[in-house]
Structure formats: structure tokens, C-alpha cells
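One structure is given below, encoded as C-alpha cells.
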Amino acid sequence: AQRVTQPEKLLSVFKGAPVELKCNYSYSGSPELFWYVQYSRQRLQLLLRHISRESIKGFTADLNKGETSFHLKKPFAQEEDSAMYYCALSGGGGYQKVTFGTGTKLQVIP
Amino acid sequence: DTGVSQDPRHKITKRGQNVTFRCDPISEHNRLYWYRQTLGQGPEFLTYFQNEAQLEKSRLLSDRFSAERPKGSFSTLEIQRTEQGDSAMYLCASSPKRRVQETQYFGPGTRLLVL
């Protein structure tokens, strides 16, 4: 079974402070990991995926297979980063069901 | 707007009534997904289509739920004999067919309230 855990429902940080949104997963094979974001009054959209190894809007995430984690990080939070963030997992290798975590609301305080 | 669209955006119904939702994916996207999202939870997978074939269904999808994608384009999700527990946001997403799991593009959702 595949499972995604986001332990924090709400994370409040001050503008300019570092951000780390935690994500741990459970999967026996080689997963594909994603971060999706939902800004206020907007639809859910992809932020980044681990196989791309890219930085989007200053966010990065590294897949740590030893710790089964895929934490999302940004060195300096901006007010426009305030949103709901969901970590998601797919079994990889073509279509596999995508499992989402419960989400973390990031609130950046001006 | 060439994104995923869903109709209606909101639906209020009485318990026991049937409801049907429609999803129009991004054109040329072979894959289409339905999710359900309740308050405080992430999207929960319901079912998946590749073209017109329904390839996977979650056990969350009871026999009161049925989904179709008759021509491999738009899809409908029908809930029969609605229950208050069916109240949720129903999300549709589409993606192109690739060797690896591709980015899913989500619609705005249909919010269902069962009274």
C-alpha cells in the first residue's frame, strides 16, 4: 500500500524566514514524488516533481529514500507563497494511482 | 480557456436524489482521473480512464457511483441515491499518456452538498 504523511496541518513563518514542509511516504518500490500547490481561489496545480530535479519559485525538494522523505524547502519565504501544499506519490513506471497527503497550509506572515 | 473544465461548479441536492457531474479534459489528454476531497483531506483517488477504458476503480467507489468516458473525451460521474456522506468536492484531472507518470492538470471541482 502507498501512503503519504504530512504531519503539519498549518505552518506559519515570517516573510524572509526559511520554509520546510515535511512529507514522508510509505511505498515498497521506487516511487515518483510530487508537490502540488493550491493558492486561494485557484485550482490544484503541480509545483514540482522529484525526477525533474528543478527549482520552482525558489522551492526545492530532495527525495531521501533512506528516510522515505520528500520535504519541500525554500530559503526565504514570500507572502505569495501562502497556500495549501500537498505531497503526492505515484508508484512509478507508467500509470500508477496517485496518493495525496492531507496537505499543509503555509501561512507567510508579513 | 484550454484547461480542464467541470460542470456544475456547485450542486445542492436532497438525500436520495441522483446527481451527475461532467468533466471536459484538456484536448488530446488520454488519461482522465476522478478524485474526491473532503474537508481537511487531500484528494482521494476514485477512478481512472485511459481513452474510453476505465482501468482502475477505488474501493471508495461504491455501487452507487458510476463513471463513463464514452468517446474518450469528456467524462461523467454519476452518484445514485445520494447520502449525506457523499458531500465533498469532486475533482477531475487529465494528463497526457507517457511512459512515466505525468503531471495531472486539475479542474476547478464540483462541490456537492447533500441535505
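The values are calculated or read from the model by the stated rules, or taken from the named source; none is laboratory data. Computed from a predicted model, the values in this text were never measured in an experiment. Quick reminder, even Gly has a Cβ in these numbers, built from the backbone with ideal geometry, and neighbours come from all protein chains shown. Side chains included, ligands, DNA and RNA excluded: accessible areas come from the protein's heavy atoms. Shrake-Rupley method; radii C 1.70, N 1.55, O 1.52, S 1.80 Å.
Report the Stokes-Einstein translational diffusion coefficient (µm² s⁻¹, integer) for the protein assembly as shown, Rh taken as the Kirkwood radius over Cα pairs, at 4 °C with viscosity 1.567 mPa s.
D = 71 µm²/s.
Restricting things to alpha carbons, tell me how big region B:64-115 is in terms of Rg and Dmax, in Å.
13.6, 43
Percent of accessible area on chain B owned by carbon and sulfur, 1.4 Å probe? The partial results should precede the final answer.
Details: 2630 of 5990 Å².
Answer for chain B: carbon and sulfur cover 44 percent of the accessible area.
Name the residue farthest towards the positive end of the dipole of chain B from the options B:S27, B:T103, B:A88, assuming +1 on Cβ of Lys and Arg, -1 on Cβ of Asp and Glu, about the Cα centre.
B:A88
Size of the dipole of the protein assembly as shown about the Cα centre, Lys and Arg at +1 and Asp and Glu at -1 on the beta carbon, nothing else charged, in debye to 20?
So the magnitude is around 260 debye.
Using a 1.4 angstrom probe on the protein heavy atoms only, could you order A:R3, B:R64 from most to least accessible area? Please list the in-between numbers first.
On the way: A:R3 155, B:R64 25 Å².
These residues rank, largest area first, as A:R3, B:R64.
Evaluate E = 1/(1 + (r/R0)^6) for A:E67 and B:T103, where r is the Cβ-Cβ distance and R0 equals 22 Å; express this FRET efficiency to the nearest 0.05.
On the way: r = 25 Å, r/R0 = 1.15.
Here the calculated transfer efficiency is 0.30.
Name the longest site-free stretch of chain B, where the excluded sites are GluC sites (Glu not before Pro) in a DSSP loop with no more than 12 other beta-carbon atoms within 10 Å.
Longest site-free region, per DSSP loop and neighbour criteria: B:29-82.
Which FRET efficiency value, to the nearest 0.05, do you get for B:T38 and A:S30 by plugging their Cβ-Cβ distance into 1/(1 + (r/R0)^6) with R0 = 25 Å?
The value I calculate is 0.25.
Between B and A, buried accessible area summed over both sides at probe 1.4 Å, in Å² to the nearest 100?
Details: alone 6840 and 6450 Å², together 11560 Å².
Buried area between the two chains comes out at roughly 1700 Å².
Could you check how much of the accessible area of chain A is carbon and sulfur, as a whole percent, using a 1.4 Å probe?
48
Going down the list A:K22/A:K105; A:K57/B:K97; A:K22/B:K57; A:K73/B:K97, which pairs span over 18 Å between their C-alpha atoms? Mind dumping the intermediate values first?
On the way: A:K22/A:K105 12 Å; A:K57/B:K97 27 Å; A:K22/B:K57 29 Å; A:K73/B:K97 30 Å.
In this structure, A:K57/B:K97; A:K22/B:K57; A:K73/B:K97 lie more than 18 Å apart at Cα.
Counting other Cβ atoms within 10 Å, keep those with at most 15, restrict to DSSP loop, and tell me which trypsin sites (Lys or Arg not before Pro) in region B:1-61 are left.
Within region B:1-61, the qualifying trypsin sites (Lys or Arg not before Pro) (loop, at most 15 other Cβ atoms within 10 Å) are B:R9, B:K14, B:R15, B:R59.
Which GluC sites (Glu not before Pro) from region A:36-101 combine a DSSP loop assignment with at most 12 other Cβ atoms within 10 Å?
A:E54, A:E67
With an 8 Å cut-off on Cα pairs and a minimum separation of 6 or more residues, tell me the relative contact order of chain A in percent.
Working: 272 pairs, mean separation 42.4, N = 110.
Value for chain A: 39 percent.
Hey, what's region A:1-71 come to in accessible area per residue, 1.4 Å probe, Å²?
Details: 4100 Å² over 71 residues.
Value for region A:1-71: 58 Å² per residue.
Are there any chymotrypsin sites (Phe, Trp or Tyr not before Pro) in chain A that are in a DSSP loop and have at most 16 other Cβ atoms within 10 Å? List them by number.
Working: sites: A:F14, A:Y25, A:Y27, A:F34, A:W35, A:Y36, A:Y39, A:F59, A:F70, A:F76, A:Y85, A:Y86, A:Y95, A:F100; in loops: A:Y27, A:Y39, A:F70, A:F76, A:Y95.
Counting only loop positions with at most 16 other Cβ atoms within 10 Å, the chymotrypsin sites (Phe, Trp or Tyr not before Pro) in chain A are A:Y39, A:F76.
So what are the radius of gyration and Dmax for the Cα set of region A:3-109, in Å?
13.2, 40
Could you pull out which residues in region A:11-45 have an amide N less than 12 Å from a spot 7 Å beyond the Cα of A:M84, following the Cα-Cβ vector?
Under cut-off, by backbone N: A:37-45.
In region A:27-55, what residues drop by 50 Å² or more of accessible area when the other protein chains are put back, versus the chain on its own? Use 1.4 Å, and skip ligands and nucleic acids.
Those are A:Y36, A:R43, A:L44, A:R49, which lose 50 Å² or more relative to the chain on its own.
What are the semi-axes of the equivalent ellipsoid for chain B, taken as the square roots of 5 times the Cα gyration tensor eigenvalues, largest first, in whole Å?
Three semi-axes, in Å: 23, 14, 13.
Tell me, what is the per residue accessible area of region B:4-45 in Å², probe radius 1.4 Å?
Dividing the accessible area of region B:4-45 by its residue count gives 55 Å².
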